[in-house]
1. How many residues are modelled with pLDDT of 95 or more, open to solvent by 40 Å² or more (accessible area, probe 1.4 Å) and of a type outside the set (Asp, Glu) when one looks only at the range 53-81?
2. Across the range 144-164, what is the number of residues that are among the basic types (Lys, Arg), within 17 Å of Thr239 (Cβ to Cβ) and buried (at least 21 other Cβ atoms within 10 Å of the Cβ)?
3. Can you give me the number of residues within the range 67-94 that are touching a Cys at 6+ places or on another chain (Cβ under 8 Å) and of a type outside the set (D, E, K, R)?
4. So if I check each of Asp209, Asp203, which one is open to solvent by 20 Å² or more (accessible area, probe 1.4 Å), in contact with a Leu (Cβ under 6 Å, 6 or more places away or on another chain) and not polar (S, T, N, Q)?
5. Just checking, does the range 195-207 include any residue being in a loop (DSSP other than H, G, I, E, B) and either over 18 Å from Phe147 (Cα atoms) or of a type in the set (A, V, I, L, M, F, W, C) (or both)?
Amino acid sequence: MRLLNSLDRRGWLLLGAAALGAALFGAVATTGTTAHAGAALEERKLPMKFNWVACEPNCRGWVSAVGIITADTPKDFEEFSRGRQLGGATVVLDSSGGSVNDAITLGRRFRNLGLLTTVGISLQDRGGQSARPAVASEAYCESMCVFLLLAGKKRYVPEAAHVRVHQIWMGDRADDAKAASYSAQDLMIVERDIGRLAKYTFDMGGAGDLLSLALSVPPWEDLHELDAGELKLTNLVTTDLVADVLPHVDVTAPAMAELSPKTQARFGAEQEQPAKSTRTAEAAVPTGAAPIAASQK
């Protein structure tokens, strides 16, 4: 498929068929140090937090965005950005996804600010290595995080990063999606949100291939990890040069030592500070262990 301004009839038919098929069958679509690694895993279980990483001299700094996108995330970002000159800054993402509509709201805000996006884990306390922060490239951007990545005016994905997609789903029924029951109202909500996500995707310059790939993976299957070719096919990557989004920043930091597979709690699961579920289609956050190159959002 192509971008919205050149999307042909075949592309729209593919998108419509995916959405309609989901409704008819009830399978509603929804799309270092070891210590530091453990901390990063814990942060991904909590609602998204934003931090400014300063790296003077000769480096502007960047925004670190880690965690699940909830109904509060757009408001939290507005509070974070108040008084800061963020125009044209870079957002470094490490997230398992979250609420569809709130991710769309946040993504549009990113684009309005002309932000750049990439995937990584910010390393600030590097001990004797350097007083300067760095970015570890082995990080995760999954489910609705992928659509936040798409919001960047320029977008870079390091080779070691994991970008994964799947369908969106009713957030309160993601734990056992096959056994759950769905009303006509539920189907309407998901169909509505698929439409919103499609419009957003094209508005951000993404390709219909991104929607096609995401809508083909139900929540009871492992997420699909996009390879280098798919990252370009979907227009998620606009540059192969890290310097285009993080100039003068060390991105050669070693991958997090002994980084275990992500076992994100789904919405509704008990957490120390549970992510807030919204009454809409949401990205399901799969649970369970898997090899680091395999599943998880």
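1. 1
2. Matching residues across the range 144-164 total 1.
3. Total meeting the criteria: 2.
4. Asp209
5. Yes, there is a match, as at least one residue in the range 195-207 is in a loop (DSSP other than H, G, I, E, B) and either over 18 Å from Phe147 (Cα atoms) or of a type in the set (A, V, I, L, M, F, W, C) (or both).
The values are calculated or read from the model by the stated rules, or taken from the named source; none is laboratory data. Keep in mind it's a predicted model, so treat the numbers as computed, not measured. Counting neighbours? That spans all protein chains shown, and the Cβs are built from the backbone with ideal geometry, glycine included. The accessibility values were calculated without ligands, DNA or RNA, using every heavy atom of the protein model including side chains. Shrake-Rupley method; radii C 1.70, N 1.55, O 1.52, S 1.80 Å.
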